[in-house]
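J.: One structure, as structure tokens, below. Some questions next.
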Amino acid sequence: MSSSPSRHADMTPRHRRLISNWLFVLCFMLLGMIAIGGVTRLTGSGLSIMDWQPVSGIIPPLSHAEWERLFALYQTIPQYHLQHEGFGLEGFQKIFWAEWIHRFWGRLMGLVLIVPLAWFTLRGMITRGLALRLFLFFILGALQGAIGWFMVASGFRPDSTAVEPVRLVLHLSAALILYVAVLWTAFSIRWPDPQPVASSANTRRTKLLVWAGLGLICVTIIAGGFTAGTHAGFVFNTFPLMDGHLIPADYSNLTPFWLNWVENKAAIQFDHRLLATLTALTIGAILLVGLRTTTLGSRAHNALMMLGWAVLIQYALGVTTLLLVVPVWAGAVHQTFAAVLLGVMLYVLHTLRGASTR
Ligand code: HEM
């Protein structure tokens with residue numbers, strides 16, 4: 001993320017537009033994947049396909065006998081008895097399709113990445129370095145599938161009805177790392193030359209605050225992952241107080257103390273609220289300083305305005321999800337919009353590449 005002109009500057013403008021558009025399409029597909037993942041999780045569908053066949057798994061069951069076989073397999077895990085007992089083959093088919101679409105979408109993204117990549121490389125439209133970087137993204141995508149399976153497998157244990165929260169957070173974080181990498185590459189191809197910004201105390205302050213805001217968004221997302229993974233959104237459904245207190249009374253029930261951050265629902269939800277509030281305040285500070293700094297230019301100012309709206313929307317979505325006790329639509333939109341907010345923050349950082357922090 002340096003401020004020197006990017007190596008993409010020597011591609012023709014037409015190729016830069018074409019290739020960055022293709023990468024933006026991939027980012028939209030990643031957002032779609034995050035939304036489908038949210039629906040899969042919130043409808044309790046994630047454990048319905050009990051094997052991992054990266055290639056042949058694309059073919060869904062084609063006969064009644066095959067459906068019966070898969071349903072019988074599903075009835076052997078505790079989640080069936082505790083969450084879906086007696087929902088019949090029709091009920092099973094519903095949760096199966098949610099998980100199947102999630103996995104299908106992943107395979108489709110792999111194709112949307114690798115086929116054009118091969119074409120652009122063979123036609124000499126991209127540099128060797130970029131081709132290698134994009135191929136690395138393909139490998140990371142495949143790895144994300146494997147991490148997904150590693151997560152799902154933790155839900156089949158005899159005493160569990162859901163996946164391990166830590167693995168859920170790992171799966172979400174890996175998806176977002178890939179999203180950040182593709183998005184940053186797309187931005188750098190579309191706008192290869194950083195706009196030079198005269199150094200001043202305010203430009204330095206803005207950029208430092210943007211880095212702090214980015215860090216806070218990441219930590220808030222991780223805390224959101226634990227909130228979702230431990231079902232902590234289904235308790236303390238009031239805002240801003242939790243059971244009548246600003247800080248919940250049983251925040252530090254567990255020992256050692258750090259265990260509360262990953263296992264105690266009261267602490268997990270409180271941490272997520274607190275971090276979200278700190279994120280929103282930091283973004284408020286970014287706007288206060290950044291919008292007054294005229295040297296940043298209009299593109300950066302527009303990006304800052306987008307950032308302000310994005311954090312407002314995400315905060316409101318979080319409170320809505322909580323107050324309505326996590327309906328599927330709200331949980332999925334809140335989860336997806338976190339990635340939108342992260343993307344806007346990245347865009348802000350990209351518009352400020354020409355500003356120094358020293
Ligand atoms: C900067 C603001 C915020 C960000 C970036 C953010 C991010 C996230 C993410 C990424 C998740 C889902 C993780 C996953 O599915 O694995 C999540 C879940 C959740 N968030 Fe937030 N959040 C924010 C603000 C809030 C606020 C202000 C509240 C409420 C006071 C809130 C309440 C929740 C709840 C209840 C869940 C669990 C929903 C579920 O089970 O699906 N969030 N958050």
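Every number in this text was worked out from the coordinates using simple rules, so none of it is lab data. Every value quoted in this text rests on a predicted model; they were computed, and no experiment measured them. Backbone-built Cβ (ideal geometry, glycine too); neighbour counts: all protein chains shown.
J.: Using the C-alpha atoms of the chain, what convex hull volume per residue, in cubic angstrom, is computed? Don't jump to the answer; show the numbers that get you there.
T.: Working: hull volume 53.1 nm³, N = 358.
Taking only Cα atoms, the chain has a hull volume of 148 Å³ per residue.
J.: Could the peptides 56-68, 114-126, 180-192 be put in order, highest first, of the mean number of other beta-carbon atoms found within 10 Å of their residues?
T.: Order by mean packing, descending: 180-192, 114-126, 56-68.
J.: Please find the FRET efficiency linking residue 323 to residue 161, where r is the Cβ-Cβ separation and R0 is fixed at 25 Å, and quote it to the nearest 0.05.
T.: Plugging the Cβ-Cβ distance into 1/(1 + (r/R0)^6) gives 0.50.
J.: For residue 81 and residue 295 in one chain, what is 0.36 nm times their gap in residues minus the Cα-Cα distance, to one decimal in nm?
T.: Net length gain for the segment: 70.8 nm.
J.: Under the Karplus relation 6.51 cos²θ - 1.76 cosθ + 1.60, θ = phi - 60°, what is the ordered set of whole-Hz ³J(HN,Hα) values for the stretch 49-64, x standing for Gly and Pro?
T.: Here the 3J(HN,Hα) series is 10, 9, 9, 10, 10, x, 9, 5, x, 5, 8, x, x, 10, 10, 4 Hz.
J.: Would you work out the relative contact order for the stretch 209-337, in percent, from Cα pairs under 8 angstrom that are 6 or more residues apart? Don't jump to the answer; show the numbers that get you there.
T.: On the way: 116 pairs, mean separation 38.4, N = 129.
So the answer I get is 30 percent.
J.: Cut-off 15 Å, label point 7 angstrom out along Cα-to-Cβ of residue 234: give me the residues of the stretch 77-95 whose amide nitrogen falls inside.
T.: 79-85
J.: Read phi for every residue in the stretch 19-24 and hand back ³J(HN,Hα) as whole Hz from Karplus 6.51 cos²θ - 1.76 cosθ + 1.60, θ = phi - 60°, with x for Gly and Pro.
T.: 6, 5, 4, 4, 5, 5
J.: For the stretch 1-193, what is the convex hull (Cα atoms) projected area averaged across all directions, in square nanometres? Provide the component values of the computation, followed by the final result.
T.: Working: hull surface 48.1 nm².
Across all orientations, the stretch 1-193 yields a mean hull projection of 12.0 nm².
J.: Also, I was wondering about something else. Over the stretch 141-246, one equal point on each Cα, no solvent: what is log10 I(q)/I(0) by the Debye formula at q = 0.13 Å⁻¹?
T.: Computed log10 I(q)/I(0) values: -0.75.
J.: Once you place label points 7 Å from the Cα toward the Cβ at residue 316 and residue 200, how far apart are they in nm?
T.: In this crude spin-label approximation the distance works out to 3.2 nm.
J.: Still on this structure, I have one more. I need the phi-derived Karplus couplings for the stretch 92-104: 6.51 cos²θ - 1.76 cosθ + 1.60, θ = phi - 60°, integer Hz, Gly and Pro marked x.
T.: 4, 4, 4, 6, 4, 5, 4, 5, 5, 4, 4, 6, 4
J.: May I ask you to derive the relative contact order of the stretch 1-193, considering only C-alpha pairs under 8 Å and at least 6 residues apart, and to give it as an integer percent?
T.: Result for the stretch 1-193 is 40 percent.
J.: For a footprinting-style exposure proxy, rank 265, 207, 94 by other Cβ within 10 Å, fewest first.
T.: 94, 265, 207
J.: At a threshold of 8 angstrom on Cα-Cα distance, excluding pairs fewer than six apart, so keeping six or more, what relative contact order does the chain reach in percent?
T.: Relative contact order comes out at 26 percent.
J.: Taking only DSSP H segments of four or more residues, each worth -39500 (n - 2.57), what value at 222 nm results for the chain once the sum is divided by all its residues, to the nearest 500 deg cm²/dmol?
T.: Value at 222 nm, helices only, nearest 500: -23500 deg cm²/dmol.
J.: Another one. Looking only at the stretch 158-194, which residues have a backbone nitrogen under 18 Å from a spot 7 Å from the Cα of residue 15 in the C-beta direction?
T.: Counting only backbone N, you get 185-193.
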